[in-house]
Amino acid sequence: MIVKKNLKNPIFCIVAMNENRIIGDGKNLLWHLPGDLKRLKKMTMGSPLIMGRKTWQSIGRPLPGRANIVLTKSISWRADGAIVVNSLKDAIIKADEWINQNVEINHNIIQKKIFLFGGAEIYKLGLEYCDNIEMTKVKFDIETGIKFPKLNEREWKKTKLEHYLATDDIPEHSYWHYKRIV
Ligand SMILES: NC(=O)c1ccc[n+]([C@@H]2O[C@H](COP(=O)([O-])OP(=O)(O)OC[C@H]3O[C@@H](n4cnc5c(N)ncnc54)[C@H](OP(=O)(O)O)[C@@H]3O)[C@@H](O)[C@H]2O)c1
């Protein structure tokens, strides 16, 4: 069992979704937002990421400078560059170990936080342990796909950080910080 108040490092959720909470089509992201990808890289660099096996496969490679902790129910699945685990509890243990080991080597770069990196199954599993969500809202007209869990709006204080209007090839999008208040 995971007891939230005993977490050694806070878990931040990071996600991009449209108005219908769609995050992907099951294989890939649906939009290409270069600015959002840069922001995500900057925000997560030096941290462990906890992701599902399907998200790992959709990325297709380990993200450098970060621990790529991949959840699967398989006891034999392996992939180069992935730290493979079979439970969220083990994912958090590995993330804490990675932070401890790496902070000694390079304390300037390592951030003492863990990112819940998706996809939907992993958000569903780990969201209750997150007090912060870094959310990108994308104006993108699609109603079906893989969905982020429905949030109880009363539990979160929402702050809009930045807003970008659509250009020829980039949809309108905005960056939000959600802070849990209850
Ligand atoms: N927009 C965004 O911010 C964002 C972020 C991340 C991903 N995505 C998108 O989300 C989609 C993938 O999401 P998804 O929900 O289909 O898959 P997912 O959450 O990435 O991965 C699901 C897999 O995780 C493993 N898993 C789930 N629960 C587990 C548990 N309790 N214990 C151990 N392993 C567990 C299972 O792997 P096994 O089948 O191997 O057992 C399961 O099939 C893709 O389209 C991706 O592009 C979007």
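The values are calculated or read from the model by the stated rules, or taken from the named source; none is laboratory data. Being a predicted model, the structure only gives us computed values, none of them experimental. Using ideal geometry, Cβ is built from the backbone for each residue, glycine included, and neighbour counts are taken over all protein chains shown. Side chains are part of the model used for accessible areas, which takes the heavy atoms of the whole protein and leaves out ligands, DNA and RNA. Shrake-Rupley method; radii C 1.70, N 1.55, O 1.52, S 1.80 Å.
Pick out, from PHE117, GLY35, ASN18, the residue whose Cα sits farthest towards the positive end of the charge dipole of the chain, with +1 on the Cβ of Lys and Arg and -1 on the Cβ of Asp and Glu. Of the listed residues, the answer is PHE117. Once the 1.4 Å probe is applied to the protein heavy atoms, segment 24-90 comes out at 55 Å² accessible per residue. Derived scalar couplings between HN and Hα for segment 170-182 equal 10, x, 4, 7, 9, 9, 10, 10, 10, 10, 5, 10, 9 Hz in order, rounded to whole Hz, by the Karplus curve 6.51 cos²θ - 1.76 cosθ + 1.60 (θ = phi - 60°), x for Gly and Pro.
Between the helical axis of 34-44 and the longest alpha-carbon principal axis of the chain there is an angle of about 30 degrees. Close amide H contacts of GLY24 (hydrogens built in the peptide plane, cut-off under 5 Å, sequence separation of 5 or more or a different chain): ILE146. If you fit an axis through the alpha-carbon atoms of helix 88-105 and take the longest principal axis of the Cα set of the chain, what angle between them do you get, 0 to 90°, nearest 10? Here the helix axis deviates by roughly 80 degrees. Rounded to the nearest 10 square angstrom, GLU97 shows an accessible area of 80 square angstrom against a 1.4 Å probe. Amide H contacts of ILE83: ASN68, ILE69, VAL70, each under 5 Å away and 5 or more positions distant or on a separate chain (H built 1.01 Å from N in the peptide plane; Pro and chain starts excluded).
Cross-link pairs exceeding 24 Å in C-alpha to C-alpha distance, out of LYS8/LYS137; LYS41/LYS147; LYS5/LYS157; LYS4/LYS139; LYS4/LYS41, comprise LYS8/LYS137; LYS4/LYS139; LYS4/LYS41. With a ≥ b ≥ c taken as the square roots of the eigenvalues of the C-alpha gyration tensor of segment 28-133, please select rounded if a/c is under 1.5 and otherwise prolate if a/b is larger than b/c or oblate if it is not? Since a/c stays below 1.5, the shape of segment 28-133 is classed as rounded. For PHE148, the solvent-accessible surface computed with a 1.4 Å probe is close to 0 Å², ligands and nucleic acids excluded. Restricting the trypsin sites (Lys or Arg not before Pro) of segment 28-81 to loop positions (DSSP other than H, G, I, E, B) with no more than 11 neighbouring Cβ atoms within 10 Å leaves LYS73, ARG78.
Listed values for segment 161-168 are Karplus-derived 3J(HN,Hα) couplings in whole Hz (6.51 cos²θ - 1.76 cosθ + 1.60, θ = phi - 60°), namely 9, 8, 9, 10, 6, 5, 10, 3, and x replaces Gly and Pro.
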